[in-house]
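Enquirer: Below are the structure tokens for one structure; questions will follow.
Only the coordinates and a few stated rules stand behind these numbers; no lab work does. Here the structure is a predicted model, which is why all the values come from computation and not from measurement.
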Amino acid sequence: MSRTASVERTTKESSVKVSLDLDGQGLSSISTSVGFYDHMLTALSKHSLIDMDIQATGDIHIDAHHVVEDTAIAVGEALKIALGDKKGISRFGDAMVPLDEALAQCVVDVSGRAYASCTGEPEGHTYARIGGSGVAYVGSMTQHVVETLATNAMMCIHLTVLAGRDPHHIVEAQYKALARALRAGVELDPRVTTIPSTKGAL
């Protein structure tokens, strides 16, 4: 059974198209007009092994917020659709990822319940502006992306920064930890033949 989904979201602030394949190879085509976000979504795809095609445009003349948020909404919705009834998945994922001085841990429960906890970011990280030419990605957006993904994918995500100094390194470690945890949580386990819950539903 194909675990794929496509979602389109259009508002007065942005236009987003997302297609993904949970059983992919980590191949991606990403364009959101926010360079650093493209970099992070590419890493999310590569390390989760979820193939992603994400094309988004929006009012970046204001800032990156709307495009980043609406893309995260669409990705979350696509994850939920692709997971279906979640029969056969491992459900839980846990990953710890370093990037030089930065270290992040992510734990995921594909539970059917939305919850997000993001902790440990150093003081001032919220206001860090990351990116080269063009619109910047602000450090506060990572928590917002995780909360938005959790809400729309209906999963529980705990993301913790354990160490870090450079904002780029911190955010990249966060996304890669999320990717590896997602990879484990959505993976099909050949020993699991039913929905992995004592309630019989997720």
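Enquirer: In whole Hz, what ³J(HN,Hα) sequence does segment 51-68 give by Karplus (6.51, -1.76, 1.60; θ = phi - 60°), x for Gly and Pro?
Expert: Coupling constants for segment 51-68: 5, 9, 10, 10, 10, 9, 9, x, 7, 6, 5, 8, 5, 7, 3, 5, 5, 4 Hz.
Enquirer: May I have the convex hull volume per residue, in Å³, for the Cα set of segment 85-189?
Expert: 94
Enquirer: Ignoring solvent entirely, what values of log10 I(q)/I(0) come out of the Debye formula for segment 1-89 at 0.18, 0.21 Å⁻¹ when each Cα is a single scatterer?
Expert: Debye output, listed in q order: -0.72, -0.93.
Enquirer: Assign one of three labels to the chain, namely rounded, prolate or oblate, based on the Cα gyration tensor with a ≥ b ≥ c the square roots of its eigenvalues; rounded applies when a/c is under 1.5, prolate when it is not and a/b is larger than b/c, and oblate otherwise.
Expert: The shape class here is oblate.
Enquirer: Skipping prolines and chain starts, which residues have an amide H placed within reach, meaning under 5 Å, of the one on VAL135, given they are 5 or more residues away or on another chain?
Expert: GLY35
Enquirer: Let me ask something else. Of LYS12/LYS46; LYS176/LYS199; LYS80/LYS199; LYS12/LYS176; LYS87/LYS199; LYS46/LYS80, which sit over 21 Å apart, Cα to Cα?
Expert: Those over the limit are LYS12/LYS46; LYS176/LYS199; LYS12/LYS176.
Enquirer: Counting only helical runs of four or more DSSP H residues, what would the 222 nm mean residue ellipticity of the chain come to if each run contributes -39,500 (n - 2.57) and the total is spread over all its residues?
Expert: My calculation for the chain gives -11000 deg cm²/dmol from helical runs alone.
Enquirer: Normalised by the number of residues in segment 74-142, what is the relative contact order in percent for Cα pairs under 8 Å and 6+ residues apart?
Expert: 17
Enquirer: Next question. From Cα pairs below 8 angstrom and at least 6 apart in sequence, can you work out the relative contact order of the chain, rounded to a whole percent?
Expert: 27
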